[in-house]
Amino acid sequence: MNHRDNSNKNDSLFLYFFSNYNCVLMLDRKIIDKSFTEAFICSQINENQKLTSDRKSYFYNPNLIITFSLSDYQKYILNYDNVVAVAVTENEIEQIISGFELIPNTKAIKYWLLNNKIVLLQFEPKFFKLNGKKNKKIRYVRNYYSKLQNIKILEEPVYKKDVKAFLRKWKLLRKNSTNRPRIGIDRNFIFKYALKNNEKFIKHFFYFDDTLIGYSIIEKVDENHYNHLCRKADTTFNNLGLYIDFFAYNEISNKLNNSFIVNIGNTGGHDSLLREKTENFPVFFVFDCFDITVKKTV
């Protein structure tokens, strides 16, 4: 039997429905794509999950790939039965769906959509003066915590066990929350990536006396673009998370003395998390998108 290589044909078919991809890119899409760095993806995975060889996606499990690169989606759906494409717009969903009929040797394809939103903040130096009624809450929180002599802010945890103990406590404090990510993701990212790279990350570990009560890790993408990769706070300290955020952003502003943007991540489809992410700091834009999960039956 003559077996012909159809890979070039398949690639060209997929290029057909992705051909307009670059044409529909807007400023917000470019900024979002710029945020999807290797460090950003590493901050999403646990110790058992691995990046793909191109470092643009990761294996959620051996049968499921999660990709942050729509331009690479075609090769994944050809070679794997389960693929999730993150931060896809409505137009891009249409492109993906229209290409299903071009996938060879497939009996059926099902897909699910999760409506998501990615929030980006934009700061000007004047914001950190916290003038005006609208900044009253942040101003109060800043004044309260900055006067506490028991608070120490370090670039590294004193001991690794401090992080582990804090995460165990944080999990217990958040046990009734609907927005509770697994602590293994933060633990893996901090020990495997953040503590081994001092140039790429802006790190703050907040201690009350000798107890770790919160931390923040921000990636510098370029001079004016940052990813807030993880932040957790002991919720027994009122509004500590807000203070941690303000402290980190203010430090960036003091070094830059210029405007900058911060990607503070997605809402996971939770309206409460959207309100939390947009109520205190100046919002640059909210990127309305979907995560599309595609399951292929061969």
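Listed here are the residues, each with its yes/no results for (1) modelled with pLDDT of 90 or more; (2) closer than 19 Å to Leu113 by Cβ; (3) surrounded by 17 or more Cβ atoms within 10 Å (Cβ to Cβ).
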| residue | (1), (2), (3) |
| --- | --- |
| Asn2 | no, no, no |
| Lys9 | no, no, no |
| Met26 | no, no, no |
| Glu38 | yes, no, no |
| Ile41 | yes, no, yes |
| Lys50 | yes, no, no |
| Asp54 | no, no, no |
| Leu70 | no, yes, yes |
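For the range 222-242, does any single residue satisfy the condition of being more than 30 Å from Asp81 (Cα to Cα), crowded, with 17+ Cβ neighbours inside 10 Å, touching a Ser or Thr at 6+ places or on another chain (Cβ under 8 Å) and of a type in the set (Asp, Glu)? No, the range 222-242 contains no residue that is more than 30 Å from Asp81 (Cα to Cα), crowded, with 17+ Cβ neighbours inside 10 Å, touching a Ser or Thr at 6+ places or on another chain (Cβ under 8 Å) and of a type in the set (Asp, Glu). Scanning the range 114-152 for residues that are assigned to a strand (DSSP E or B), out of contact with any helix residue (DSSP H, G or I) (no Cβ under 7 Å at 6 or more places or on another chain) and among the aliphatic types (A, V, I, L, M) turns up Leu114, Leu121.
Checked across the range 202-213, the condition of being in contact (Cβ under 8 Å) with a residue 60 or more places away in the chain, assigned by TED's automatic domain parsing to the domain that holds Ala165, closer than 22 Å to Asp33 by Cα and crowded, with 16+ Cβ neighbours inside 10 Å holds for no residue.
Please go through the range 254-298 and pick out each residue that is of a type in the set (Asp, Glu) and either in contact with a Lys or Arg (Cβ under 9 Å, 6 or more places away or on another chain) or more than 18 Å from Cys230 (Cβ to Cβ) (or both). Walk me through how you get there before you give the answer.
Taking the range 254-298 and keeping what is of a type in the set (Asp, Glu), we get 271, 276, 279, 288, 291.
Asp271, Glu279, Asp288, Asp291 - these are the residues of the range 254-298 that are of a type in the set (Asp, Glu) and either in contact with a Lys or Arg (Cβ under 9 Å, 6 or more places away or on another chain) or more than 18 Å from Cys230 (Cβ to Cβ) (or both).
Looking across the range 153-169, just one residue is in contact with a Lys or Arg (Cβ under 9 Å, 6 or more places away or on another chain) and either farther than 24 Å from Phe201 by Cβ or part of a strand (DSSP E or B) (or both), and that is Leu154. A single member of Leu167, Leu173, Leu113, Leu130 is in contact with a strand residue (DSSP E or B) (Cβ under 7 Å, 6 or more places away or on another chain) and either within 24 Å of Phe281 (Cα to Cα) or surrounded by 12 or more Cβ atoms within 10 Å (Cβ to Cβ) (or both), and it is Leu113.
Rundown of residues vs (1) within 18 Å of Glu156 (Cβ to Cβ); (2) of a type outside the set (S, T, N, Q); (3) without any contact (Cβ under 8 Å) to a residue 60 or more places away in the chain, yes/no style:
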residue: Arg174; (1), (2), (3): no, yes, no
residue: Ile185; (1), (2), (3): no, yes, no
residue: Tyr193; (1), (2), (3): yes, yes, no
residue: Lys196; (1), (2), (3): yes, yes, yes
residue: Val221; (1), (2), (3): no, yes, no
residue: Tyr226; (1), (2), (3): no, yes, yes
residue: Asn239; (1), (2), (3): no, no, no
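Given the condition surrounded by fewer than 17 Cβ atoms within 10 Å (Cβ to Cβ) and part of a strand (DSSP E or B), answer yes or no: does some residue in the range 264-284 qualify? Within the range 264-284, one or more residues are surrounded by fewer than 17 Cβ atoms within 10 Å (Cβ to Cβ) and part of a strand (DSSP E or B).
For Ile218, indicate whether it is at pLDDT 95 or above and assigned by TED's automatic domain parsing to the domain that holds Val158. Criteria met by Ile218. With respect to Ile97, is the statement that it is in a helix (DSSP H, G or I), at negative phi and surrounded by 14 or more Cβ atoms within 10 Å (Cβ to Cβ) true? Yes. Within the range 76-92, track down each residue that is within 18 Å of Val298 (Cα to Cα) and either among the aliphatic types (A, V, I, L, M) or crowded, with 18+ Cβ neighbours inside 10 Å (or both). Tyr76, Ile77, Leu78, Val83, Val84 - these are the residues of the range 76-92 that are within 18 Å of Val298 (Cα to Cα) and either among the aliphatic types (A, V, I, L, M) or crowded, with 18+ Cβ neighbours inside 10 Å (or both). Cβ-Cβ distances below 7 Å connect the following pairs, each with a first residue in the range 140-155 that is in the same structural domain as Glu199 (by TED's automatic domain parsing), a second residue that is among the basic types (Lys, Arg) and not in a helix (DSSP H, G or I), and a separation of six or more residues or different chains: Glu155/Lys203.
The values are calculated or read from the model by the stated rules, or taken from the named source; none is laboratory data. Just so it is clear, the structure is predicted and the values come from calculations on it, not from any experiment. Glycine gets a Cβ as well: all are built from the backbone with ideal geometry, and neighbour counts include every protein chain shown.
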